[in-house]
1. Just the residues that are in contact with a Ser or Thr (Cβ under 9 Å, 6 or more places away or on another chain) and either within 11 Å of Tyr89 (Cβ to Cβ) or crowded, with 22+ Cβ neighbours inside 10 Å (or both), please, taken from region 53-66.
2. Pairs only if they're at least six apart or on different chains, beta carbon under 7 angstrom, first in region 216-239 and closer than 11 Å to Val176 by Cβ and of a type outside the set (Val, Ile, Thr), second part of a helix (DSSP H, G or I) and modelled with pLDDT of 95 or more; list them, first residue then second.
3. Which residues, counting only those in region 77-89, are surrounded by fewer than 16 Cβ atoms within 10 Å (Cβ to Cβ) and of a type outside the set (Ser, Thr, Tyr)?
4. Could you please find all residues in region 186-223 being surrounded by fewer than 18 Cβ atoms within 10 Å (Cβ to Cβ) and of a type in the set (Ser, Thr, Tyr)?
5. Out of the residues in region 132-168 that are in a strand (DSSP E or B) and among the basic types (Lys, Arg), state the one that is farthest from Asp189 (Cα to Cα).
6. From Asp251, Asp189, grab the single residue that is under 26 Å from Arg127 (Cβ atoms) and among the acidic types (Asp, Glu).
7. Hey, can you tell me all the residues within region 117-154 that are surrounded by fewer than 15 Cβ atoms within 10 Å (Cβ to Cβ), of a type in the set (D, E, K, R), closer than 17 Å to Val91 by Cβ and in contact (Cβ under 8 Å) with a residue 24 or more places away in the chain?
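The values are calculated or read from the model by the stated rules, or taken from the named source; none is laboratory data. Not measured: the values here are computed from a predicted model. Using ideal geometry, Cβ is built from the backbone for each residue, glycine included, and neighbour counts are taken over all protein chains shown.
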Amino acid sequence: MKLKIKLIFILVLLFGLISPSLAQQKEAQPVEFLKISDNLYEIHGGSGANGGLYIGDNNALVIDAKMNKDSVDQVLAGIKKITDKPVKYLVNTHSDGDHVNGNRFFPESVIIVAHKNCRKEFFHTQRDGSASSWSSAELAPFVPSVTFENKMDIYLGTKKVELWYFGKGHTTGDIVVYFPEEKTAFVGDQIFIGRAQLIHSYKGGNSLAHVKTLAKMLTTLDAEKFCSGHADVIGRAAVKKHIKEMVNLQDKVKDLKAMGKNLAEIKAKFNENESRLIETIYNEIK
């Protein structure tokens, strides 16, 4: 019995030593810049979601901010290796922490831009009901100071960046950052590939609206490439497939609910990793 207890203690000790090491290795994944054109890059790695870099005539624009100082420092150092033009704008595609927590580590001279609903969501209570940390005075300079409603153009000299709002979906404040010359759109978390779509109902997100929002994006923009927060670059066909899959899920939930099935019974018809999305759809269908 003593030998068994001793063995368990050793295993626990080893696990305690190994786990932090593995976590550090995962966190230490370096930031890298994937070239889309001479002016446009997708930013991967570090702590937080994928972002982007656009280099204009005299200034640069960054899309989303990672999560911590180390990752932001890597981003800023990487930009200096690519261009000597200063970062003038930081665009937040939406308010999730893995896209905006790093705002506070950018220079205060950087102008932070987002949709007006995104700014409001900075101060929204968290999923667990706790208060937002963004209400503190010291973080005020790092909340979006420039907002828009439907469309906004940012000019970096002769280079134009288009910011579009097509409606709510993942949250109420998700935008598309579009680069017409490259026919490339950065969509944040409006598309998940290889995993269930995340809809933040507590922020006002809506899966039924999500489908309409993406359809409107496709009819409005002639984009050929779509960069998202948690997947590799995809084309128009993949976006259309995503929309179709969402509609199929919604139709199936709607039919099952019409048959009198409760939420637990309906969830059992889907994969476990789709559970949260199925519950969201179930609650939306009246």
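1. Applying the first criterion (in contact with a Ser or Thr (Cβ under 9 Å, 6 or more places away or on another chain)) to region 53-66 yields 53, 55-57, 60, 63-66.
The answer is Leu53, Gly56, Ala60, Ile63, Asp64, Ala65, Lys66.
2. That search, which allows pairs on different chains as well, returns Leu218/Arg236; Leu218/Val239; Phe226/Val239.
3. Once the filter is applied, which keeps residues that are surrounded by fewer than 16 Cβ atoms within 10 Å (Cβ to Cβ) and of a type outside the set (Ser, Thr, Tyr), region 77-89 yields Ala77, Lys80, Lys81, Ile82, Asp84, Pro86.
4. Ser201, Tyr202, Thr219, Thr220
5. Start the filter on region 132-168 by keeping residues that are in a strand (DSSP E or B), which leaves 146-148, 151-156, 159-164.
Okay, now just the ones that are also among the basic types (Lys, Arg), so 151, 159-160.
Working: Lys151: 19, Lys159: 25, Lys160: 23 Å.
The extreme case among them is Lys159.
6. So the residue among Asp251, Asp189 that is under 26 Å from Arg127 (Cβ atoms) and among the acidic types (Asp, Glu) is Asp189.
7. Glu149
Conditions (1) out of contact with any helix residue (DSSP H, G or I) (no Cβ under 9 Å at 6 or more places or on another chain); (2) without any contact (Cβ under 8 Å) to a residue 24 or more places away in the chain; (3) part of a helix (DSSP H, G or I), marked per residue:
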site: Met246; (1), (2), (3): no, no, yes
site: Lys252; (1), (2), (3): no, yes, yes
site: Lys269; (1), (2), (3): no, yes, no
site: Leu277; (1), (2), (3): no, no, yes
